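To start, the structure itself, in structure tokens.
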Amino acid sequence: MAEVTIALRYDLRSPEWAATPHDELYRTCIEQCVWADEHGAADIVSLSEHHGIDDGYLPAPFAMAAAITGATKRIPVTIAAALVPLHDPVRLAEQIAVLDLASGGRVSFVAGAGYKRSEFEMAGIAYKDRTALLERSIEVMRKAWTGEPFEWEGRTVVVRPVPTTKPHPLIMGGGSGPKAARRAARMRLPFFPGVGDPALKEAYEDECRAVGFENGFCVLPKGPGFLHVSEDPEKAWAEISRYAWYDADTYRSWQEGTRAEVLTAAADVDELRREGKYRVVTPDECVALAEELSPGGALVLHPLLCGMPAGLGWESLRLFKEKVLPRIRPAQT
């Protein structure tokens, strides 16, 4: 048995030339989550957040998390990352409390400071203030979830109802550098960095000891950011490569000067494939990858990558369930 997390990842992008338009994309996402929930084919659904993107990148992940948890029974949803400084913290606390109650505590999120300047300009928020706003917002939400009155910006605030998860819904600190690692420890949050650098784990644990945070833990990403299973990888890559390159190239253009596990250094599609961050594999190769990543790695299935044909995503999911899952989790199947 391979000790890996199986994740379904969605950011619901669909540029104008993509095969799957947004109305179909959102419906299919929910259908795939329901299918995975019913068949035990995934451990978690991962959503993310960006604003003002031409391809319609998911701007309201908490609303989408509500739709997914409302349609499913067991599978948890995480938002990695939620751009906390762009939200009013009291309103966000209310939304998350309701979502926690309605989902039975199945929603968590990585608290990100954000890195795309245009999003802050659109929101009328100073980019330089984002980390201070992040820390303040976490403090405000924790107070809000007690259900007790507290003072904020000269006003008395009460948030009711309170979440079902105690002491509050799971929040993880995000980021990709040592400052983010130390900040997560100071805020007494688990740390889920965007890059699998052991030095970040060390910086986080050092700061946890310094501030006396005994319950901290760090989860380093381990594995490709896109995985697709096919009996004919050459044919599948030919169909997917345009979407993979679009995804990789746009992320790279947004994140200059930052680090992330999914960032590519490739100059073209062929290099992108050889690099291994976007993997199209046979069932046998997927089993081998799961064993290689075990323990602690993740198989991240991204079945609607940038609006790629929905049928391709379904083929990958079904093949994974039929020919991979029984071999990496024989007891489950």
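Residues of the range 57-101 that are touching a strand residue (DSSP E or B) at 6+ places or on another chain (Cβ under 7 Å), part of a helix (DSSP H, G or I) and over 30 Å from Ala126 (Cβ atoms): Ile68, Thr69, Asp100. For the range 214-227, state whether one or more residues are part of a helix (DSSP H, G or I), without any contact (Cβ under 8 Å) to a residue 60 or more places away in the chain and of a type in the set (D, E, K, R). Checked against the condition, which is being part of a helix (DSSP H, G or I), without any contact (Cβ under 8 Å) to a residue 60 or more places away in the chain and of a type in the set (D, E, K, R), the range 214-227 yields no hits at all. For the range 115-152, a residue qualifies if it is in a helix (DSSP H, G or I), basic (Lys, Arg), surrounded by 13 or more Cβ atoms within 10 Å (Cβ to Cβ) and under 23 Å from the mean Cα position of the chain (by Cα), and the qualifying residues are Arg130, Arg136, Arg142.
In this entry, Glu24 is excluded by the filter for residues that are over 17 Å from Ala111 (Cα atoms), of a type outside the set (Lys, Arg) and free of Cβ contacts under 8 Å to residues at least 24 places away in the same chain. Restricting Glu38, Glu24 to residues that are surrounded by fewer than 16 Cβ atoms within 10 Å (Cβ to Cβ), out of contact with any strand residue (DSSP E or B) (no Cβ under 8 Å at 6 or more places or on another chain) and closer than 17 Å to Lys73 by Cβ narrows the list to Glu38. Inside the range 298-319, can you point out the residues that are in a loop (DSSP other than H, G, I, E, B) and crowded, with 20+ Cβ neighbours inside 10 Å? Of everything in the range 298-319, those that are in a loop (DSSP other than H, G, I, E, B) and crowded, with 20+ Cβ neighbours inside 10 Å turn out to be His302, Pro303, Leu304, Met308. When we screen Leu312, Leu293, Leu299 for residues that are within 23 Å of Ala18 (Cβ to Cβ) and not small (Gly, Ala, Ser), the only hit is Leu312. Apart from one condition, Glu151 fits all of (1) out of contact with any Cys (no Cβ under 9 Å at 6 or more places or on another chain); (2) within 20 Å of Gly112 (Cβ to Cβ); (3) of a type outside the set (Lys, Arg); the exception is (2).
Give me the residue from the range 284-297 that is under 23 Å from Ser241 (Cα atoms) and out of contact with any strand residue (DSSP E or B) (no Cβ under 6 Å at 6 or more places or on another chain) and, out of that set, surrounded by the most Cβ atoms within 10 Å (Cβ to Cβ). If we take residues in the range 284-297 being under 23 Å from Ser241 (Cα atoms) and out of contact with any strand residue (DSSP E or B) (no Cβ under 6 Å at 6 or more places or on another chain), then Leu289 is surrounded by the most Cβ atoms within 10 Å (Cβ to Cβ).
Per the listing Thr146, Thr156, Thr131, the residue uniquely hydroxyl-bearing (Ser, Thr, Tyr) and under 19 Å from Gly105 (Cβ atoms) is Thr146. Restricting the first member to the range 237-258 and to residues that are free of Cβ contacts under 8 Å to residues at least 60 places away in the same chain, and the second to residues that are part of a helix (DSSP H, G or I), the beta-carbon pairs closer than 7 Å and six or more apart or on different chains are Trp237/Arg273; Ser241/Val269; Trp245/Val269; Trp245/Leu272; Ala248/Leu272. Scanning the range 185-196 for residues that are in contact with a helix residue (DSSP H, G or I) (Cβ under 9 Å, 6 or more places away or on another chain) and either part of a loop (DSSP other than H, G, I, E, B) or surrounded by fewer than 22 Cβ atoms within 10 Å (Cβ to Cβ) (or both) yields Arg186, Met187, Arg188, Leu189, Pro190, Phe192, Pro193, Gly194.
Any read-out appearing in this document is the output of simple, stated calculations on the displayed coordinates, not a laboratory observation. Predicted, not measured: the structure shown is a model, and the values here were computed from it. Note: ideal-geometry Cβ built from the backbone for every residue, glycine included; neighbour counts use all protein chains shown.
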